[in-house]
Amino acid sequence: MHTTLPTEGVMRGGGALGTPPCTHCPVRNRTICSGLGPAELARVGAGAMDIRIAAGETLFTESEEARAFYTLTEGVIRLSRLLIDGRRQITDFVFPGGFFGLTVSGRYDDTAEAVTDARLCRLSRAQLLRAARELPELDWKLLELTETDLAHARDHIVCLGRRSALERIALFLVHLAGSAADGSAAFDLKVPMTREDMADYLGLTIETVSRGLAELRRRGVISLPSPKAIRVEAPRRLAVCAGLDPDMR
């Protein structure tokens, strides 16, 4: 079971006990609360809960009644769906600052599981939607997050439908690296997910992922010091392998 703590009196982001927790949230400027003033922030955070779950634990399951939205403050979360024959498709990985649990039907579209130990802010769905009807800034932020999710989903459709296996793997590493991949200097990249996770996200087999990583290593683009770490030796060449223009990133 995951551990749930009320936000009042919880130390977050270096804040002292008794300090309003949202004020010291480490991802406040990257998620749904960004742009809210003190009064609006206090209202949104009034019913929030600080949650910790261990790696491998399930936060919620596909088709379960959606009673809450979540903001990830630490760790990595995996969102996935199961086909009737048991095959799994990972729809997304959530990183700190990510907001998830949005649904139109009132039931979760995916199963959410912790890839690593994780910490989250749980927001009552009913309370947040009620606040959004009265706070234009919050309503606009929900729309912005929905549009961002839709754009990401469209990009992933293109990736799965048109890119080669090697391009998918290289693009995954580029996205995982974030701004670190923009330069030309080598850097180390932590890979918290398994090869199976990568395969189920990219629509490939584990063997294809392993062969793709080996090919990138053979080309001198990456090295593989351990299963959970990749050293990107040539960021610009990685972008080329992903089908990107390194000068346009």
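The values are calculated or read from the model by the stated rules, or taken from the named source; none is laboratory data. These numbers come from a predicted model, not from an experiment. Every residue, glycine among them, receives a Cβ derived from its backbone with ideal geometry; neighbour counts consider all protein chains shown.
Overview of results
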| item | result |
| --- | --- |
| Odd one out for Lys141, checked against (1) part of a helix (DSSP H, G or I); (2) under 20 Å from Leu244 (Cα atoms) | (2) |
| Residue count, segment 47-84 (criterion: aromatic (Phe, Trp, Tyr) and closer than 13 Å to Ser124 by Cα) | 2 |
| Output for segment 28-62, where each listed residue is of a type in the set (A, V, I, L, M, F, W, C) and part of a loop (DSSP other than H, G, I, E, B) | Ile32, Cys33, Leu36, Ala46, Ala48, Ala54, Ala55 |
| Cβ pairs under 8 Å, 6+ apart, first in segment 149-163 and within 18 Å of Val94 (Cα to Cα), second modelled with pLDDT under 95 and surrounded by 10 or more Cβ atoms within 10 Å (Cβ to Cβ) | Asp149/Leu102 |
| Considering residues of segment 136-191 that are in contact with a helix residue (DSSP H, G or I) (Cβ under 6 Å, 6 or more places away or on another chain) and charged (D, E, K, R) only, the residue nearest to Asn29 (Cα to Cα) | Asp139 |
| Selection from segment 73-104 of residues that are of a type in the set (D, E, K, R) and part of a loop (DSSP other than H, G, I, E, B) | Asp85, Arg87 |
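For every residue, the table says whether it meets (1) assigned by TED's automatic domain parsing to the domain that holds Asp109; (2) more than 19 Å from Leu129 (Cα to Cα); (3) modelled with pLDDT under 85.
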{"residue": "Thr7", "(1), (2), (3)": "yes, yes, yes"}
{"residue": "Arg12", "(1), (2), (3)": "yes, yes, yes"}
{"residue": "Thr19", "(1), (2), (3)": "yes, yes, yes"}
{"residue": "Ala42", "(1), (2), (3)": "yes, no, yes"}
{"residue": "Ala48", "(1), (2), (3)": "yes, no, no"}
{"residue": "Ile51", "(1), (2), (3)": "yes, yes, no"}
{"residue": "Arg67", "(1), (2), (3)": "yes, no, no"}
